[in-house]
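Chemist: A single structure is presented below for examination.
The values are calculated or read from the model by the stated rules, or taken from the named source; none is laboratory data. Every value quoted in this text rests on a predicted model; they were computed, and no experiment measured them. Reconstructed Cβ throughout: ideal geometry from the backbone, glycine too, with neighbour counts over all protein chains shown. Side chains are part of the model used for accessible areas, which takes the heavy atoms of the whole protein and leaves out ligands, DNA and RNA. Shrake-Rupley method; radii C 1.70, N 1.55, O 1.52, S 1.80 Å.
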Amino acid sequence: LAHLVTWLSAPPGAIHGVVVANEVLDALPVERFVRRDDGVKQLRVQAGRHGFEFTEVPAPGRLAAEVDKIERDIGEPLPDGYVSEVCVALPDWIAQLSASLQEGVVHLFDYGVSRREYYARERSDGWLRCHYRHHAHSDPLILTGIQDLTAWVDFTRVAVAAAAAGLDVAGFCTQTQFLMAGGLEAEMRGFEKLSLEGQLELSRQVKTLTLPGEMGEHFKCMALRKGSSTTPSAFDRADRTHTL
């Protein structure tokens, strides 16, 4: 099917339809910071005696302003030594997408939480995660160039950026609720006619996608709408937009 795929360097000029972004937001670069009593510090990487290491420098104005806004939104200052990250590129990405979308719906699928969960006190080491050969860990300074670096998504930031770009949040829910309301039962039709191996494999896939300890709760689905498009029916159950 490779001949059916067209690679683009920028979004099309005028989209009328549906845009699907699966695990795109968590691949955008983030700014890592640490909150100190004397101000916000940017965490930068430098070469040390025993390999790469983080060093703290005064945060650039834009990063310091973002952290200040986060603290206003959650209603309290972050404690001294609190480490996390901000995706400063996200609003611009949403704005570019909105400029291309004339009418339709954008589906965003990603690991993420609301802002209050993202910057909760117990999350004092942020949400940056590293993946290497199906193993996850939290050290981005090793396995340089051969491991994937991602950060969970602050979906409150997505919603704010969408509103600023002229998009409506049509729905926000967990992947479990999205799949159940979106017709997962139809995929299970004929289950009893499958071989035992087929039943076990399909059951494994459904569990991975829906169980709370797997992707069911961690993975979120958000729909952004422009124009007269209706809310997708997959968001009819347990919408969580009010939590943003």
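Chemist: Does any residue in the stretch 184-203 that is without any contact (Cβ under 8 Å) to a residue 12 or more places away in the chain come within less than 8 Å, Cβ to Cβ, of a residue that is open to solvent by 40 Å² or more (accessible area, probe 1.4 Å) and of a type in the set (F, W, Y) six or more places away or on a different chain, and which pairs are these?
Modeler: Pairs found: Q199/F191.
Chemist: Looking only at the stretch 49-64, which residues are among the charged types (D, E, K, R) and farther than 29 Å from L143 by Cβ? Before the answer, list the steps.
Modeler: Just the residues of the stretch 49-64 that are among the charged types (D, E, K, R), to begin with: 49, 53, 56, 62.
Matches in the stretch 49-64: R62 only.
Chemist: Among the residues of the stretch 74-103, write down those that are buried (at least 18 other Cβ atoms within 10 Å of the Cβ), of a type in the set (G, A, S) and under 14 Å from A162 (Cβ atoms).
Modeler: Restricting attention to the stretch 74-103, the residues satisfying the condition of being buried (at least 18 other Cβ atoms within 10 Å of the Cβ) are 78, 82, 84-87, 90, 93-94, 97-98, 101.
Among the residues that remain, those that are also of a type in the set (G, A, S) are: 84, 98.
Within the stretch 74-103, S98 is the sole residue that qualifies.
Chemist: So, one more: Under 9 Å by Cβ, and 6 or more places apart or on different chains, what pairs join a residue from the stretch 56-71 that is under 13 Å from Q42 (Cβ atoms) and of a type in the set (D, E) with one that is at pLDDT below 95 and surrounded by 15 or more Cβ atoms within 10 Å (Cβ to Cβ)?
Modeler: These pairs meet every condition: E66/V88.
Chemist: Now for a different question. Conditions: (1) open to solvent by 10 Å² or more (accessible area, probe 1.4 Å); (2) in a strand (DSSP E or B). D139 meets all but one. Number of the miss?
Modeler: For D139, the exception is condition (2).
Chemist: Tell me, please, whether a residue that is more than 21 Å from D239 (Cα to Cα) and assigned to a loop (DSSP other than H, G, I, E, B) can be found in the stretch 92-115.
Modeler: Taking every residue of the stretch 92-115 in turn, none turns out to be more than 21 Å from D239 (Cα to Cα) and assigned to a loop (DSSP other than H, G, I, E, B).
Chemist: Restricting attention to the stretch 78-91, which residues are at pLDDT 95 or above and either at negative phi or aliphatic (A, V, I, L, M) (or both)? Full working, then the answer.
Modeler: Our first condition is that a residue be at pLDDT 95 or above; within the stretch 78-91, this holds for 78-87, 90-91.
Once the filter is applied, which keeps residues that are at pLDDT 95 or above and either at negative phi or aliphatic (A, V, I, L, M) (or both), the stretch 78-91 yields L78, P79, D80, Y82, V83, S84, E85, V86, C87, L90, P91.
Chemist: Separate question: Answer with yes or no whether P79 is under 26 Å from K41 (Cα atoms) and part of a loop (DSSP other than H, G, I, E, B). Show your work before the answer.
Modeler: On the way: under 26 Å from K41 (Cα atoms): yes; part of a loop (DSSP other than H, G, I, E, B): yes.
Judged against the criteria, P79 is a match.
Chemist: A follow-up question, please. Exactly one of (1) in contact with a strand residue (DSSP E or B) (Cβ under 8 Å, 6 or more places away or on another chain); (2) without any contact (Cβ under 8 Å) to a residue 24 or more places away in the chain; (3) not in a strand (DSSP E or B) is unmet by L149. Its number?
Modeler: Evaluating L149 over (1) in contact with a strand residue (DSSP E or B) (Cβ under 8 Å, 6 or more places away or on another chain); (2) without any contact (Cβ under 8 Å) to a residue 24 or more places away in the chain; (3) not in a strand (DSSP E or B) leaves (3) as the failure.
Chemist: Same structure again: Being crowded, with 19+ Cβ neighbours inside 10 Å and of a type in the set (V, I, T) narrows it down to one residue among V57, V19, V40; which is it? Reasoning before the result, please.
Modeler: Values: V57 fails: crowded, with 19+ Cβ neighbours inside 10 Å; V19 fails: crowded, with 19+ Cβ neighbours inside 10 Å.
Answer to the selection: V40.
Chemist: Mind checking whether some residue in the stretch 173-189 is open to solvent by 30 Å² or more (accessible area, probe 1.4 Å), at pLDDT 85 or above, part of a loop (DSSP other than H, G, I, E, B) and more than 28 Å from H16 (Cα to Cα)?
Modeler: No: zero hits.
Yes/no per residue for (1) assigned to a helix (DSSP H, G or I); (2) within 22 Å of L143 (Cα to Cα); (3) in contact with a strand residue (DSSP E or B) (Cβ under 9 Å, 6 or more places away or on another chain); (4) not hydrophobic (A, V, I, L, M, F, W, C):
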{"position": "G17", "(1), (2), (3), (4)": "no, no, yes, yes"}
{"position": "V20", "(1), (2), (3), (4)": "no, no, yes, no"}
{"position": "F33", "(1), (2), (3), (4)": "no, yes, yes, no"}
{"position": "R44", "(1), (2), (3), (4)": "no, yes, yes, yes"}
{"position": "A47", "(1), (2), (3), (4)": "no, yes, yes, no"}
{"position": "E66", "(1), (2), (3), (4)": "yes, no, yes, yes"}
{"position": "E71", "(1), (2), (3), (4)": "yes, no, yes, yes"}
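Chemist: Can you work out which of the residues in the stretch 211-244 that are part of a loop (DSSP other than H, G, I, E, B) and of a type in the set (D, E, K, R) is nearest to the chain's Cα centre (by Cα)?
Modeler: Filtering the stretch 211-244 down to residues part of a loop (DSSP other than H, G, I, E, B) leaves 211-218, 227-232, 236-240, 244.
Subsequent filtering for residues that are of a type in the set (D, E, K, R) retains 214, 217, 236-237, 239-240.
Values: E214: 16, E217: 13, D236: 21, R237: 21, D239: 17, R240: 15 Å.
Across the stretch 211-244, the extreme among qualifying residues is E217.
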